[in-house]
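Data block below; observations after.
The values are calculated or read from the model by the stated rules, or taken from the named source; none is laboratory data. In this text, all values refer to a predicted model and were calculated from it rather than measured experimentally. Every residue, glycine as well, gets a Cβ built from its backbone with ideal geometry; the counts of neighbours run over all protein chains shown. Remember, those area values only see protein heavy atoms, side chains included, never the ligands or the DNA or RNA. Shrake-Rupley method; radii C 1.70, N 1.55, O 1.52, S 1.80 Å.
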Amino acid sequence: MAVSAHGAGLAQENEQHGDIEVGVVLDTAEQTGRASATVRIRAGREVVWSLITSCAEALKMVPGLVECEVLETASDRSWQRIRHVLDYSWFVRKLNYEILATYDKPAEVSIERVSGDLSTLKVSWNLKSDGDFTIAQYKVDLAPGFWVPRWLVRGALKRDLPKMLRALRTRAESAAHQPR
């Protein structure tokens with residue numbers, strides 16, 4: 001990936017979105033980037049885990065995700081091959097891509113693009129217990145591999161990442177407080 005933490009022309013931004021901390025690093029053309037975000041959720045790791053590993057939930061939480069289909073699952077459920085369709089904006093065509101999600105339940109999820117429209121997509125989730133809370137850390141490396149408006153890349157990382165984490169927190173806290 002063309003992003004280097006010590007490159008001369010990188011734009012790095014850190015922001016607080018309430019209790020969601022977001023850091024974004026973009027290349028000089030703002031065509032590739034890395035972001036990380038952390039959110040504190042009043043729910044156990046198992047609840048958060050069930051949401052971040054569900055296609056049905058991803059469709060409700062990930063901005064622009066219009067299709068999520070599990071293509072293959074390991075017999076021990078340690079990984080899944082998943083197809084996503086992202087219809088993010090009328091400025092960009094629909095993106096079709098496959099990912100390999102590797103699971104270390106209930107602490108980590110690693111996702112890597114295996115085929116499709118994106119050049120680079122690497123995602124990781126790390127879930128840590130903190131009493132009645134789960135600290136969820138999300139990291140993404142993204143390179144579309146084709147030209148997109150700079151504001152779209154910046155917006156996807158700076159605006160939509162906190163939006164996704166807020167949706168995760170809301171859904172997890174609601175599920176955690178449902179009677180069983």
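Here is the list for segment 61-147: chymotrypsin sites (Phe, Trp or Tyr not before Pro) lying in DSSP coil, each with at most 14 other C-beta atoms within 10 angstrom of its C-beta, are TRP90, PHE91, PHE146, TRP147. Among the listed pairs LYS60/LYS105; LYS105/LYS158; LYS122/LYS158, which are separated by more than 20 Å between their Cα atoms? Among LYS60/LYS105; LYS105/LYS158; LYS122/LYS158, the Cα-Cα distance tops 20 Å for LYS60/LYS105; LYS105/LYS158. Note: relative contact order over segment 52-180, using C-alpha pairs below 8 Å and six or more positions apart, is 15 percent.
The length gained on full extension between GLU112 and ASP76, counted as 0.36 nm times the residue separation minus their Cα-Cα distance, comes to 11.0 nm. With all protein chains present, how much of the accessible area of the chain (probe radius 1.4 Å) comes from carbon and sulfur, to the nearest whole percent? Within the chain, the accessible surface is 49 percent carbon and sulfur. Taking every DSSP helix (H) stretch of at least 4 residues in the chain, weighting each as -39,500 (n - 2.57) and dividing the sum by the residue count yields a mean residue ellipticity at 222 nm of -6500 deg cm²/dmol.
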